[in-house]
């Protein structure tokens with residue numbers, strides 16, 4: 001299932017990881033992998049800096065994008081709590097990317 005989600009859309013997973021980082025839910029293993037991939041990501045997107053900066057340049061995100069994502073996460077957490085639901089960070093990241101960052 002996950003492989004189909006990313007077929008022909010490799011940036012989608014990076015966007016999900018970006019969202020997870022913005023909401024403070026990026027796993028250590030994913031962070032380590034992204035840090036190892038930083039030179040290639042920067043080369044691919046023609047920038048220097050961190051993996052996040054490479055994604056931000058590729059997507060032309062505003063500098064305050066992480067705070068916008070975090071605010072949206074907090075709002076959705078509150079709504080979920082009011083409805084007695086638990087919001088899964090990975091599901092949120094996937095939905096956020098699908099609804100806001102990809103076509």
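Taken together, the values in this text are just the output of simple stated rules run on the coordinates, not laboratory data. Only a predicted model underlies this, so the values are computations on that prediction, with no experimental measurement involved. Cβ: placed from backbone, ideal geometry, glycine included. Neighbour counts: every protein chain shown.
Overview of values
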| quantity | calculated |
| --- | --- |
| Over the chain, relative contact order from alpha-carbon pairs under 8 Å, at least 6 apart, % | 32 |
| Angle in degrees between helix 28-45 and the longest Cα principal axis of the chain, rounded to the nearest 10 | 50 |
| Förster-model FRET efficiency, 25 Å R0, residue 87 and residue 29, C-beta, rounded to 0.05 | 0.70 |
| Computed [θ] at 222 nm, deg cm²/dmol, the chain (DSSP H ≥ 4; -39,500 (n - 2.57); rounded to nearest 500) | -21500 deg cm²/dmol |
| Segments 59-65, 96-102, 15-21 sorted - mean Cβ within 10 Å per residue, highest first | 15-21, 96-102, 59-65 |
| Cα-only Debye scattering, the chain: base-10 log of I(q)/I(0) at q = 0.18, 0.20, 0.21 Å⁻¹ | -0.90, -1.09, -1.18 |
